[in-house]
Amino acid sequence: MTPFPFLPDHNDLIETRYRKAEAMREAGIEPYPAKAEAGDTAAEVLARAEVLMESGDVVSLLGRVMGVRSFGKAAFFHLRDRTGQVQVYIKKNIVTEECFRLYKEFLDGGDLVHVTGRLFRTKTGELTVEAAELRIAAKAVRQLPEKWHGFRDVESRYRQRYVDLIANPAVAETFRARSRAISAMRRFLDAGGFMEVETPMMQAIYGGAAARPFVTHHNALDMRLYLRIAPELFLKRLLVGGLDRVYEINRNFRNEGISTQHNPEFTMLELYAGGWNADRMMGFVEDILREAAMGALGGTRAVFGDLEMDFADPVPRVRMVDAVSEALGAEVDWDTPLERLRELAGELPEEVRTPDEAIVHVFEERCEEKLQQPTFVHDFPKSLSPLAKSVEGRPEVADRFELYIAGMEIANGYSELNDPREQYERFLEQAERRKAGDEEATAEVDEDYVRALEYGMVPAAGLGIGVDRLAMVLTNSPSIRDVILFPLLRTAKREEHADSPSSVEETANGGSTG
RNA sequence: GCUCGGGUAGCUCAGCUGGUAGAGCAGCGGACUUUUAAUCCGUUGGUCCUGGGUUCGAGUCCCAGCCCGAGUACCA
C-alpha cells in the first residue's frame with residue numbers, strides 16, 4: 001500500500017520521481033514552490049547575446065530542462081521556454097552547494113527550473129548561461145519521451161497533446177502558425193470596419209447548413225437544444241438590425257463522420273457585408289487569404305504536400321456547369337435533361353433525381369479533387385442553396401461560389417437571399433424534404449428569421465471559411481487532427497471499476513440520434 | 001458503417017514455419033569540470049490491447065470485442 005493515490009498507469013519510474021520530490025521536501029526544498037518569476041525569455045537572451053556578454057549582466061530564465069548531459073562535477077542542459085531554448089552550464093565550483101546538490105541529487109529532464117547567470121560562449125560556439133543559481137520551479141514526475149525518436153504514436157499524441165507539444169517542436173509551431181493566421185484575419189477584418197460578434201451555439205431551431213446536429217437538453221427550461229451547425233441565420237438577423245459588417249470566428253458542430261478533413265466540432269469564420277455581392281466577396285476572399293498566409297508563414301507562398309501555391313496570385317473562377325461539361329466532354333447546363341446527364345455520366349446513384357443533383361454529383365465525383373490550385377467554383381443550383389439569392393435574370397442559378405484548394409472545400413459564399421416570401425417558400429420546401437426523409441434538411445421552419453427579413457435586410461454577401469482546413473493548407477498538415485489541439489477521440493478504455501449510473505447514461509444518449 | 005493496416009518495457013521498435021520475451025534510448029548505481037543523440041562500466045524494468053479457443057506449449061494460429069490510423073461511405 002502506498003500512502004498516496006496513484007493513477008492506473010503508475011509505474012516504478014514515476015514512483016522513483018515521486019520519492020525524489022519527497023526527498024526534496026525532507027531536504028527543505030519545496031518541489032512546487034508558490035513563487036514563480038518570469039524573467040527573460042530564451043529568445044530575448046539569444047537576440048541580445050552580444051550586448052549581454054559585453055556587459056556581463058545576469059539573465060534570469062524560467063523553463064523546462066531538456067537533454068541533460070552530465071559530468072561528475074558539471075553538466076549541460078537546455079532550458080526551454082515558450083520562445084525557444086538556451087543552453088545552461090552548471091559547474092560545481094561556481095554555484096552554491098545547495099544549488100549543486102539540487103542538480104546532482106534531485107534534478108531530472110523535464111523539470112521546470114529557474115536559472116540565473118551570465119551568458120558566455122562554449123568552445124563549440126554555443127551561447128550558454130553559466131548558472132550562478134538554480135532553483136526548482138516545478139518537479140516533473142513523468143519522464144519525457146526519448147529525444148531521438150520522439151513521440152510518434154498518433155493516438156498518444158492526440159490524447160496527450162501536452163506531451164506532443166513538448167516532444168515535437170514542429171507541432172507547437174503548427175499551432176502557432178494557425179494562431180497567427182487567425183490573428184491576421186481578425187486584424188484584416190477589424191481594419192476593414194467589421195465587428196466581431198458572438199451568436200448562440202445552443203439553438204432551439206438549427207439551420208444555416210445541411211447537416212445533422214448534436215442534440216442536448218436544458219434542465220431548468222426543460223428544453224431541447226441543438227448545438228449549432230452554422231451561425232448564419234443569427235448573423236443575418238444582425239444585418240437586419242443594421243450591424244451589416246459582422247464576423248464570427250467560432251465552433252460549429254456537425255454530427256457526421258470523422259475523416260482527415262472532418263472533425264465533429266470545427267472552427268468557421270463567417271462574415272457578412274452589406275452592399276456586397278458574391279463577386280465582390282470573391283475578391284475579398286483573395287485578400288483575406290493572402291493576409292492569413294502572411295500571418296502564418298510570413299509570405300504568400302505555401303506548400304501542401306506536392307502542391308505549391310502563391311496566395312498573391314489571383315484565383316481563377318470556373319462555373320460549375322463548365323467544370324462538369326469539361327469532365328463529361330460535352331456541354332451541359334442547368335436545363336440539360338436528367339436523361340441526357342445520366343447518359344453522359346454513365347451511372348448516377350439512385351438518390352439523384354434532378355439535373356441539379358446530377359451536376360453537383362458529377363462535380364463532387366470528378367471535379368473536386370482536381371481543383372488543387374486555389375480555384376473559385378461559382379454559380380450553384382438554386383435548389384441546393386436555400387439561403388442564397390439568384391443570379392440576375394437566371395432564377396435557377398444561385399449567386400454562390402466555393403473556394404477549393406488541394407481538392408478541399410475551404411470557403412463558401414453567396415449573395416444573401418433577402419426576399420422574405422421566397423425565403424419562407426424555401427424553408428417550407430426544406431421541411432417537405434425532411435418529411436420525405438432527407439435527414440439533412442432543416443426540420444423546423446425558422447419563422448422568426450423570415451419575420452426578420454420582413455423588416456428588410458440590406459443586400460449583402462456572406463462568406464464562411466473553414467479555418468481548420470485553411471490551417472491545414474498553411475501548415476502543410478495532411479489531417480485536420482494535426483491542426484486541432486484536442487481532436488475528438490473515443491474515450492480511452494475505462495478501468496474495471498467503472499460503472500455508469502443511469503442518469504449519466506440518459507445524458508449521454510441525448511446526443512445520439514442514430 | 002465497410003475494407004485494409006496497427007496495438008510488445010517510460011519512448012522508438014525487433015520478435016521467422018508456435019518452443020521459456022529482445023534491442024537502442026530513458027531510468028537506477030558507479031567514473032567523468034566545455035557537452036550537445038556526451039562517453040565508459042554495471043544494472044532494474046513486461047497484463048505482449050482485452051476475453052475466449054486450438055495446442056504438451058500461443059506475442060505468434062482461430063473466434064469475439066476494444067482503441068488508433070489510412071482508404072471508402074456520409075459530409076449545400
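Annotations for the structure displayed:
- A:ARG135 being touching a residue at least 60 places away in the same chain (Cβ under 8 Å), open to solvent by 20 Å² or more (accessible area, probe 1.4 Å) and either more than 6 Å from RNA strand B (Cβ to nearest atom) or touching a Gly at 6+ places or on another chain (Cβ under 7 Å) (or both): yes
- Residue within the stretch A:55-62 that is assigned by TED's automatic domain parsing to the domain that holds A:VAL113, within 16 Å of RNA strand B (Cβ to nearest atom) and of a type in the set (S, T, N, Q) present: no
- Only listed residue being without any contact (Cβ under 8 Å) to a residue 12 or more places away in the chain and within 8 Å of RNA strand B (Cβ to nearest atom), chosen from A:GLY72, A:GLY67, A:GLY109: A:GLY72
- A:ARG157 vs. criteria under 26 Å from the mean Cα position of the chain (by Cα), within 8 Å of RNA strand B (Cβ to nearest atom), surrounded by 14 or more Cβ atoms within 10 Å (Cβ to Cβ) and of a type in the set (Lys, Arg): yes
- Some residue of the stretch A:56-63 being closer than 26 Å to A:GLN143 by Cβ, open to solvent by less than 50 Å² (accessible area, probe 1.4 Å) and without any contact (Cβ under 8 Å) to a residue 24 or more places away in the chain: no
- A:ASP111 being open to solvent by less than 60 Å² (accessible area, probe 1.4 Å) and out of contact with any helix residue (DSSP H, G or I) (no Cβ under 8 Å at 6 or more places or on another chain): yes
- Boolean, A:GLY125 is of a type outside the set (Ser, Thr, Tyr), touching a residue at least 12 places away in the same chain (Cβ under 8 Å) and surrounded by fewer than 16 Cβ atoms within 10 Å (Cβ to Cβ): no
- Residue check for A:THR41: open to solvent by less than 30 Å² (accessible area, probe 1.4 Å) and either out of contact with any Ser or Thr (no Cβ under 7 Å at 6 or more places or on another chain) or in contact (Cβ under 8 Å) with a residue 24 or more places away in the chain (or both): yes
- Evaluated against (1) in contact with a strand residue (DSSP E or B) (Cβ under 9 Å, 6 or more places away or on another chain); (2) aliphatic (A, V, I, L, M); (3) part of a loop (DSSP other than H, G, I, E, B); (4) more than 16 Å from RNA strand B (Cβ to nearest atom), A:ILE94 falls short on exactly one condition, (4).
- Test: residue in the stretch A:404-413 that is open to solvent by 10 Å² or more (accessible area, probe 1.4 Å) and in contact with a helix residue (DSSP H, G or I) (Cβ under 7 Å, 6 or more places away or on another chain): yes
- Which numbered condition A:GLY28 misses (of (1) outside any loop (DSSP other than H, G, I, E, B); (2) surrounded by fewer than 18 Cβ atoms within 10 Å (Cβ to Cβ)): (1)
- Residue in the stretch A:171-182 that is under 24 Å from A:ALA296 (Cβ atoms), out of contact with any strand residue (DSSP E or B) (no Cβ under 8 Å at 6 or more places or on another chain) and within 16 Å of RNA strand B (Cβ to nearest atom) present: yes
- Only one of A:ARG186, A:ARG142, A:ARG161, A:ARG180 that is touching a residue at least 24 places away in the same chain (Cβ under 8 Å) and touching a Phe, Trp or Tyr at 6+ places or on another chain (Cβ under 8 Å): A:ARG161
- Number of positions in the stretch A:455-488 that are more than 12 Å from RNA strand B (Cβ to nearest atom) and among the polar types (S, T, N, Q): 2
- Of the residues making up the stretch A:64-88, those that are open to solvent by less than 40 Å² (accessible area, probe 1.4 Å) and aromatic (Phe, Trp, Tyr) number 1.
- In the set (1) closer than 16 Å to A:GLY67 by Cβ; (2) of a type in the set (Gly, Ala, Ser); (3) surrounded by fewer than 18 Cβ atoms within 10 Å (Cβ to Cβ), A:SER183 fails one condition alone, (1).
- Per-region count, the stretch A:302-347, residues at negative phi and free of Cβ contacts under 8 Å to residues at least 60 places away in the same chain: 28
The values are calculated or read from the model by the stated rules, or taken from the named source; none is laboratory data. Note that the structure is a prediction, hence the values are computed from the model and not measured. Counting neighbours? That spans all protein chains shown, and the Cβs are built from the backbone with ideal geometry, glycine included. Side chains are part of the model used for accessible areas, which takes the heavy atoms of the whole protein and leaves out ligands, DNA and RNA. Shrake-Rupley method; radii C 1.70, N 1.55, O 1.52, S 1.80 Å.
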